[in-house]
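Colleague: Can you keep this structure in mind? I'll have questions shortly.
Every number here is computed from the coordinates shown, using simple stated rules; none is lab data. Keep in mind that this is a model prediction, so the values were computed, not measured. Using ideal geometry, Cβ is built from the backbone for each residue, glycine included, and neighbour counts are taken over all protein chains shown.
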4 protein chains.
Amino acid sequence: MLRFALFGAGRIGQVHAASIAAHPRADLGWVCDPFAAAAGPLAEKYGATATADVDAVLADEAVTAVVIGSSTPTHVDLLTRSVLAGKAVLCEKPIDLDLARVDSCWAQIKDIEHTVMVGFNRRFDPTFKDIRDRVSAGELGRLEQLVITSRDPEPPPAAYLGGSGGLFRDMTIHDFDMARFFLGEVVEVQATGANLIADYIADAGDIDSAVVVLRGAGGALAQITNSRRCSFGYDQRIEAFGATGMLSAANQLPTSVRYYGAERTESAAPYFNFFLERYTPAYRAELDHVITSIEQGSKPSPGFADGRAALALADAANESLRTGRTVTLG
Amino acid sequence: MLRFALFGAGRIGQVHAASIAAHPRADLGWVCDPFAAAAGPLAEKYGATATADVDAVLADEAVTAVVIGSSTPTHVDLLTRSVLAGKAVLCEKPIDLDLARVDSCWAQIKDIEHTVMVGFNRRFDPTFKDIRDRVSAGELGRLEQLVITSRDPEPPPAAYLGGSGGLFRDMTIHDFDMARFFLGEVVEVQATGANLIADYIADAGDIDSAVVVLRGAGGALAQITNSRRCSFGYDQRIEAFGATGMLSAANQLPTSVRYYGAERTESAAPYFNFFLERYTPAYRAELDHVITSIEQGSKPSPGFADGRAALALADAANESLRTGRTVTLG
Amino acid sequence: MLRFALFGAGRIGQVHAASIAAHPRADLGWVCDPFAAAAGPLAEKYGATATADVDAVLADEAVTAVVIGSSTPTHVDLLTRSVLAGKAVLCEKPIDLDLARVDSCWAQIKDIEHTVMVGFNRRFDPTFKDIRDRVSAGELGRLEQLVITSRDPEPPPAAYLGGSGGLFRDMTIHDFDMARFFLGEVVEVQATGANLIADYIADAGDIDSAVVVLRGAGGALAQITNSRRCSFGYDQRIEAFGATGMLSAANQLPTSVRYYGAERTESAAPYFNFFLERYTPAYRAELDHVITSIEQGSKPSPGFADGRAALALADAANESLRTGRTVTLG
Amino acid sequence: MLRFALFGAGRIGQVHAASIAAHPRADLGWVCDPFAAAAGPLAEKYGATATADVDAVLADEAVTAVVIGSSTPTHVDLLTRSVLAGKAVLCEKPIDLDLARVDSCWAQIKDIEHTVMVGFNRRFDPTFKDIRDRVSAGELGRLEQLVITSRDPEPPPAAYLGGSGGLFRDMTIHDFDMARFFLGEVVEVQATGANLIADYIADAGDIDSAVVVLRGAGGALAQITNSRRCSFGYDQRIEAFGATGMLSAANQLPTSVRYYGAERTESAAPYFNFFLERYTPAYRAELDHVITSIEQGSKPSPGFADGRAALALADAANESLRTGRTVTLG
């Protein structure tokens, strides 16, 4: 059994705790959170020890790996200390909101043998992964266009927005990673944004709707459509268009029931409302990947560099938004 | 141009008149109906002559073909006289409600060179025809099961029911023909019926819901599901299940629009409400087939024997319904 | 924790073992099977004790409940002994192939306080359950027609067929239960069968394809379409047709990926191949139901009487098949 | 009957000739084309007179309306002369490739009472029109995002490309009009293009793939995805995303047949290959609209100003493509 410690007992921490508990070759030793009221019950649920003491966790030699699911500002510090303590790390995205801090983090760990994975869970979604695998296998010929639709059900509360880093670094970052998953490196970014949903988002200096167009090193174009609010649930779709065919990922339904009546036909249930339901299998597969990597001594993917690259795309999108110009990347 | 006369200016007569007018190689010479108020406007609309005089129509040498769309009791007489007058005939189903009358009609025309087609329009529906062609071409291997769903939007009025011949001869007769289209001859019939919809149907001695199971000479099983009322429109579907695959015909939609909202997703518009909308292309193709057959001197299909066979299946279904036994056919 | 013992370490036993292990309030104490080579590894996998000794299992007071997943001929004996030993029972279908043995089993347990559930897992499938709940809530008005399509991917081997009890008692029994789930009691059965797939099935005196028509006590008609072989996987569908609408359960797909190319469009992956994949959530929910029933002291459903009733329908279908007549049930 | 003259006997001219012939209140008097080998057969097919003499056509007082389906460079001259001759005009898009010529055309006709419609046929597609009507009726709340996918099956030949005006003025112009149909005026354009398909397109100085992002005066964002080649046929889709729901227009299929087999399930036929099949109902409805407008003395829509506006968007897209900057419109 591979023992994990979890940093952060919030919503995403609970997802990871459940995944660890359900994995046949892993168990949860610690839940570490400054808020005892959060750490306690979660630890108890899975037979772990609750603590607010990071050092105690990292000093426990029985702990092989940590999951960092705490608030974004704490990621760099916890990631660095965990690597220095010899732990394997699965760190939630983003590594940080500030590229300079990400780079200084890297400077501290790059010469140490480490296992660091960044939690871009969507790469492990069975539907998206199947499309990526088939594109990689050449089923569509050359990939020419990638269309990513990504809309959240509800905008975050005002209190969250301030520290979120803005739409591109908070929400689109998943889509930037998905674009990179298909296109490899991105060489051009063009972003358009709008405020259409809620005044408090504009008041916070952020946008709530966006279209981002990317050009991959291989020439393919990708586009990302974002909205902070979607009346029909969590809208998560992809189309990969190639020379000889297209593969699409439709939204997923909790059942296959359809209704037919006088007003409408073939009507399905609402989509999964948010990531906890939609991406449960992806979170499980992500955890399984890091566990298998640790067991086999291989590097998990996506890694630190992928986390940095997605953040760099978010920064480029912000620059394009500000200047109205296409931004070219190194 | 091939000149047609039309017997019957009712709902189905209007369908045929429009098809004739729209065909590039046909025109409509006469509309013959005892009700002048029906014949007149229809004739005027397409530049034809209205009349109640059958003899005048059949004496017109410019008329090559007739369409019989009048009430069922008139079919045999009009068909016989038209054949004797040397006209090609497209006769609406059923030829008659009484198998003995059908046979005596046949006795009168069988030794005359004739062109008689029976109006089982669904054989010409592009979707059903595509499945039939692919089954015939062996795409599914041996055909094993055929599932026909056929539900009308609304039951006919009480006044119509009395002369309808009952569900099997009035409505299911189309499905019996469709079963024969796929299976060839049918050797066994088993029918179950129920009264679930409206008391006046039961009062008329008829059923409103049915399941009929057929066995084809080649061994395949077919089943027909009927209802006289369907809340979501005209329900017309087929599944052909074979050794190596299945082909299905879904209901058809007027547009490809889908709606997504908080209550439901992927919701389509109601289906076509009835046969005039659903089978417009089938009626057009049916007419084109009889015209082409006349032009080429070939026999149109389905012919008189097909009209008789479907009626014989309806009678067998009624017998099975009455006795609770499987009925074996010659 | 509620401790289970499992009788039978075969395919279905493994499903139940996994469900028990995954349930937060259950664990597996024993795996009991005369074949040590099967019991041993399965027990080891879940930290249970392997044995061939039924008495030892039933004597263990720590065991609250048993799952009977052994071969059909052993069910009645194990069920009776387990009830006499005071254990709650989840027994796989069928209780037995012989209605008389089922009744004598009942005679032995009926006066003892017992908790017996029969494993008609499909009642717990989220899709079917959602339709049943909505039908029960009146969303469709009166239920008029129920269409069940149930086809297995591959026929069982000849060796299995001999002891299977025939198509209706082995395979259709699930569909009979599903019909009862929607219709309540069934008053009429009409069955048609055919041999279309494999000679060895006919040689064994069994059919491989069937259509069964049922009439419910409330007047609704149900039809069941069966085949022992389906080229596109496990075909498990339901349509509930009522006065004001229809609800359908389509087959389920492992991903939402669709392919579009020059030869075809909107093409999905193959369906789940068999019950282990298709009904995993149903098996989990079924176990949860029996556990909750035990905890709350309520009667689980479907119970012994449901197991008997489905078998009685299978017998009636066999009689209809033999006589070509509709069979009326008490 | 309203008599039409047709300029241009090529592919699109044939579409219009057929629509005129099929319309119950219109007929075709002239087919005018410098190539007698094209004009002659088309005129003969519909009982019209073939000519190369524009003046003769415009001098015919029996002609009420003209359809301009000739090559783009002739549009302005024919449109101007037709208006001066008092004819109503349905002019194919684009009015011209040069905005200055369009404006000088307008200067010549603006003070004359005229009826001019521009052939943006897609506004009359029943599916797109239904979505537009429902959006206008407020079914989605405020419209926030419009996603237009528009891919042709095959790139045009090199010979055509030279005079096409480039992707944006030749192909995307339809999508610009569709964006205006939903958004009203457009205030910002941002374009990205690529050469991914065929060298001869790049050699001609044109792109073959593009993404264009637009901002409407009301704040909504629209995006257009274009490709000159699509392996699965003519890809024509729209999604209108609003505050309370989404409406989508899927591609359309010639039949509702689906195939299920060991390799794939739910597989549909290829889409319509190109605009003649896909948009037949739209061309018919477009013609009906101009006829009804003439009969009622109302202004048809889209009109001259719409033709100009779509061209102005194409020019803005070209400027954005060249500069890498967002282009703001008046």
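Colleague: Averaging sequence separations of C-alpha pairs under 8 Å and six or more residues apart, then dividing by the length of region D:30-124, give the relative contact order as a whole percent.
Modeller: Answer for region D:30-124 is 21 percent.
Colleague: So what does log10 I(q)/I(0) come out to for region D:1-85 at q = 0.14, 0.17, 0.23 Å⁻¹, using the Debye formula with one equal point on every Cα and no solvent?
Modeller: Cα-only, vacuum Debye calculation for region D:1-85: -0.38, -0.57, -1.09.
Colleague: Mind giving me the nanometre distance, one decimal, between the label points for C:Ala202 and D:Met1, set 7 Å out from Cα along Cα→Cβ?
Modeller: 6.5
Colleague: I would also like to ask the following. Which percent, nearest 5, of DSSP beta bridges in region C:136-243 are antiparallel?
Modeller: Here the antiparallel bridges make up roughly 75 percent for region C:136-243.
Colleague: Which residues among region D:62-100 fall inside the zone where the amide N is under 17 Å from a point 7 Å beyond the Cα of D:Thr280, along Cα→Cβ?
Modeller: Those under the cut-off are none; the list is empty.
Colleague: Can you give the average number of partner chain beta-carbon atoms within 10 Å of each beta-carbon in peptide C:198-210, as a whole number?
Modeller: 1
Colleague: In addition: For the residues B:Arg11, D:Arg134, what sequence is obtained by ranking on other C-beta atoms within 10 Å, fewest first?
Modeller: By the 10 Å Cβ count, ascending: B:Arg11, D:Arg134.
Colleague: Follow-up. What do you get for the angle between helix B:99-109 and the principal long axis of chain B? Use alpha-carbon atoms, 0 to 90 degrees, nearest ten.
Modeller: Computed tilt is about 40 degrees.
Colleague: Arrange C:Ile112, A:Ile68 by Cβ neighbour counts within 10 Å, fewest through most, would you? Before the final figure, lay out the partial values.
Modeller: Numbers: C:Ile112 10, A:Ile68 28.
In increasing order of surrounding Cβ atoms, one gets C:Ile112, A:Ile68.
Colleague: Rounded to two decimal places and with Rh computed the Kirkwood way over Cα pairs, what is Rg over Rh for region B:25-139?
Modeller: 1.04
Colleague: Also: How big, in percent, is the set of alpha carbon pairs in chain B lying more than 26 Å apart?
Modeller: 50
Colleague: Can you put C:Glu295, A:Glu144 in order, fewest other beta carbons within 10 Å first?
Modeller: Least crowded to most crowded, the residues run C:Glu295, A:Glu144.
Colleague: Say R0 is 60 Å: what FRET efficiency, to the nearest 0.05, do A:Ser301 and B:Asp288 get from their beta-carbon distance?
Modeller: My answer for the efficiency is 0.50.
Colleague: At 7 Å along the Cα-to-beta-carbon direction for both B:Ala21 and A:Asn273, put a label point, then send me their distance in nm to one decimal.
Modeller: Each label point is offset 7 Å from its Cα along the Cβ direction, giving 5.6 nm.
Colleague: OK, next. Please work out the Cα convex hull volume for the protein assembly as shown and give it in Å³ per residue.
Modeller: Measuring per residue, one finds 188 Å³ for the Cα hull of the protein assembly as shown.
Colleague: Next question. Between the label point of C:Pro156 and that of the same position in each other copy, find the distances and list them shortest first in nm, with every label point placed 7 Å from Cα along the Cα-to-C-beta direction.
Modeller: Once sorted, the set of distances for C:Pro156 reads 4.8, 5.6, 6.6 nm.
Colleague: Ordered by packing density, taken as the mean number of other Cβ atoms within 10 Å over each peptide's residues, highest first, how do C:300-306, A:221-227 rank?
Modeller: On the way: C:300-306: 18.1, A:221-227: 25.0.
Taking the mean over residues of other Cβ atoms within 10 Å, the ranking is A:221-227, C:300-306.
Colleague: Using Cα-Cα distances under 8 Å and only pairs 6 or more residues apart, what relative contact order does chain C have, in percent?
Modeller: Worked out over chain C, it gives 19 percent.
Colleague: Students often check this: by mean Cβ neighbours within 10 Å, which of C:309-319, C:256-266 ranks highest, and how do the rest follow? If you can, show how the numbers build up before the last one.
Modeller: On the way: C:309-319: 22.2, C:256-266: 19.5.
Ranked by mean Cβ neighbours within 10 Å, highest first: C:309-319, C:256-266.
Colleague: Expressed as an acute angle from 0 to 90° and rounded to the nearest 10, what is the orientation of the C-alpha long axis of helix A:36-45 relative to the principal long axis of chain A?
Modeller: That works out to roughly 90 degrees.
Colleague: Enter the mean number of other protein chain beta carbons within 10 Å of the beta carbon of each residue in D:262-274, as an integer.
Modeller: For this peptide, the per-residue mean of nearby foreign Cβ atoms is 6.
Colleague: In percent, how large is the relative contact order of region C:234-329, given Cα pairs closer than 8 Å and 6 or more residues apart?
Modeller: Once divided by the residue count of region C:234-329, the mean separation gives 15 percent.
Colleague: Now for a separate question. Past 18 Å, Cα to Cα: identify those pairs from A:Lys45/A:Lys93; A:Lys110/A:Lys299; A:Lys87/A:Lys129, in the order given.
Modeller: From the list (A:Lys45/A:Lys93; A:Lys110/A:Lys299; A:Lys87/A:Lys129), the Cα-Cα distance tops 18 Å for A:Lys45/A:Lys93; A:Lys87/A:Lys129.
Colleague: How far is helix A:11-22 tilted, in degrees, relative to the longest principal axis of the Cα atoms in chain A, given as a value from 0 to 90 rounded to the nearest 10?
Modeller: The two axes meet at around 70 degrees.
Colleague: Now for a different question. Among bridges DSSP assigns within chain D, what percent are antiparallel (round to 5)?
Modeller: 55
Colleague: Just the Kirkwood number for region D:189-330, please: inverse of mean 1/r across all distinct Cα pairs, in Å, one decimal.
Modeller: The Cα-based Kirkwood calculation yields 18.8 Å.
Colleague: Starting from the 7 Å offset along Cα-to-Cβ, what nm value, one decimal, do you get for the label separation of B:Ile112 and B:Ala100?
Modeller: It works out to 2.3 nm between the two label points.
Colleague: Take the Cα of D:Glu319, step 7 Å along the line toward its Cβ, and report every residue of region D:207-227 whose backbone nitrogen sits under 14 Å from that point.
Modeller: Hits in region D:207-227 for D:Glu319 at 14 Å: none.
Colleague: By the gyration tensor of its Cα atoms, with a ≥ b ≥ c the square roots of the eigenvalues, what is the shape of region C:218-289: rounded for a/c under 1.5, prolate for a/b over b/c, or oblate?
Modeller: oblate
Colleague: Now a separate question. Kirkwood hydrodynamic radius, region D:79-207, all distinct C-alpha pairs: what's the number in Å?
Modeller: 17.4
Colleague: Next question. What is the antiparallel percent of DSSP beta bridges lying wholly in the protein assembly as shown, to the nearest 5?
Modeller: 60
Colleague: Right, another one. What is the average number of partner chain Cβ atoms found within 10 Å of a Cβ in B:147-154?
Modeller: Mean shielding by partner chains, rounded to a whole number: 2.
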